[in-house]
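To start, the structure under review is shown below, and the notes come after it.
The values are calculated or read from the model by the stated rules, or taken from the named source; none is laboratory data. None of the values given here were measured: they were computed from a predicted structure. Virtual Cβ from ideal backbone geometry, glycine too; neighbours counted across all protein chains shown.
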Amino acid sequence: MPGTYEFEDFLLKVSTPFYLLLICVEIFLTYRPSHHHDSPRASYNFKDTLTNASLMLLNGGVDLLFRTAYVGVLIWFYNMGAGTSITNPIFYWFSLFLLEDLAFYTLHYVDHHSRLFWAVHVTHHSSEHFNLTTGFRSSVFQPLYRFVYFIPLALIGFNPADIIIMYSLTQIYGIIVHTEYVGKLGWLEYIFVTPSHHRVHHASNVQYLDKNMGMCLIIWDRIFGTFQEELETVPPVYGLTKPIENTTLAHTVLHEWKEIGHDFKQNTNLRTKLNYLIKAPGWSHDGSRQTTKNLQTHLAEQITPEPFIRTDGQQPTAI
């Protein structure tokens with residue numbers, strides 16, 4: 001698909017100076033003189049930024065090496081399908097955008113709710129900083145399975161080249177929402193993923209875990225119950241619930257796989273071992289750890305006020 005490669009090359013040439021400009025502006029805002037002694041920790045750290053760039057290059061390398069295989073699979077399913085009946089180009093591209101964004105939401109949801117895929121995706125969430133370069137902190141091995149979620153699009157008649165182009169386009173938007181310097185955006189908050197929404201997604205606060213999974217559109221989170229607004233009373237704390245102390249590149253990529261290996265060594269049966277791989281992160285056969293659902297249930301129980309009971313026998317008056 002030569003045209004696809006040419007378009008992606010064009011996107012790279014256009015988006016790279018755009019990213020660099022935005023990053024320079026964000027660095028300036030981060031390190032500009034401040035008269036506040038209690039100002040938050042700087043958003044940029046040289047080692048963290050270098051790690052982000054390295055993970056991006058590793059992800060790109062895996063994608064490039066595996067591209068012939070996954071493009072071949074998509075073409076095979078495209079040829080097996082009946083073909084799309086959409087002839088209007090505007091409706092075609094708009095439909096592809098909607099369906100591919102939904103496919104990404106599904107991919108992202110699974111990445112957060114199955115430990116096997118979380119072990120890949122966790123690298124994107126492991127930084128304790130949140131800035132535009134965090135958007136490049138890629139899940140290194142995701143290209144090995146991401147295409148599976150696009151197979152239904154090929155089956156119903158969307159050209160694999162167009163699927164790849166649309167993903168490249170939406171990734172640009174997915175990167176620029178990684179910033180602390182854009183507040184809430186009014187009515188756009190109801191339709192699009194905004195920086196406010198994505199700050200929630202990267203936070204390790206219990207209220208914010210596994211929320212706001214969309215790439216471009218927040219409507220899927222609102223429909224499927226994974227939406228969480230950024231709260232003024234709960235500032236985001238970025239990173240993992242269990243921070244990694246060893247920040248070498250290899251450990252950043254592989255640390256969750258090592259933890260899975262430790263769980264496999266426990267004296268349990270095969271079904272339990274597989275559950276450690278398939279079930280949600282935090283699941284344990286003996287209840288020694290907690291999943292996001294457990295943590296959020298416990299938090300809700302703690303902040304739910306006790307029902308008011310009068311001691312004089314009268315019914316409480318509604319206010």
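Here are some residues: Thr84, Thr106. Which one is among the β-branched types (Val, Ile, Thr) and either modelled with pLDDT of 95 or more or closer than 11 Å to Phe150 by Cβ (or both)? The conditions single out Thr106. The single condition among (1) under 26 Å from Ile223 (Cβ atoms); (2) crowded, with 20+ Cβ neighbours inside 10 Å that Asn52 does not meet is (1).
Being more than 18 Å from Leu153 (Cβ to Cβ), of a type outside the set (Val, Ile, Thr) and in contact (Cβ under 8 Å) with a residue 12 or more places away in the chain narrows it down to one of Tyr44, Tyr70, so name that one.
Values: Tyr70 fails: more than 18 Å from Leu153 (Cβ to Cβ).
Answer to the selection: Tyr44.
Does Thr16 satisfy being among the polar types (S, T, N, Q) and either in a loop (DSSP other than H, G, I, E, B) or modelled with pLDDT under 85 (or both)? No.
Taking the listed residues Leu11, Leu64, Leu96, the one that is of a type in the set (A, V, I, L, M, F, W, C) and either modelled with pLDDT of 95 or more or in contact with a Pro (Cβ under 7 Å, 6 or more places away or on another chain) (or both) is Leu96, with no other qualifying. Taking the stretch 124-144 as the range and being in contact with a His (Cβ under 9 Å, 6 or more places away or on another chain), within 20 Å of Phe66 (Cβ to Cβ) and assigned to a helix (DSSP H, G or I) as the test, the residues that pass are His124, Phe136, Gln142.
If we scan the stretch 97-108, do we find a residue that is surrounded by fewer than 18 Cβ atoms within 10 Å (Cβ to Cβ) and within 13 Å of the chain's Cα centre (by Cα)? Yes: one or more hits. For the stretch 250-307, the set of residues classified as part of a helix (DSSP H, G or I) and among the hydroxyl-bearing types (Ser, Thr, Tyr) consists of Thr252, Thr272, Tyr276, Thr292, Thr297, listed by residue number. Of all the numbered requirements in (1) in contact with a His (Cβ under 6 Å, 6 or more places away or on another chain); (2) free of Cβ contacts under 8 Å to residues at least 24 places away in the same chain, Met213 misses one, and that requirement is (2). When Ile75, Ile86, Ile90 are checked against the criterion of being of a type in the set (A, V, I, L, M) and part of a loop (DSSP other than H, G, I, E, B), Ile86 stands alone in meeting it. Within the span defined as the stretch 228-251, one or more residues are among the acidic types (Asp, Glu) and modelled with pLDDT of 95 or more.
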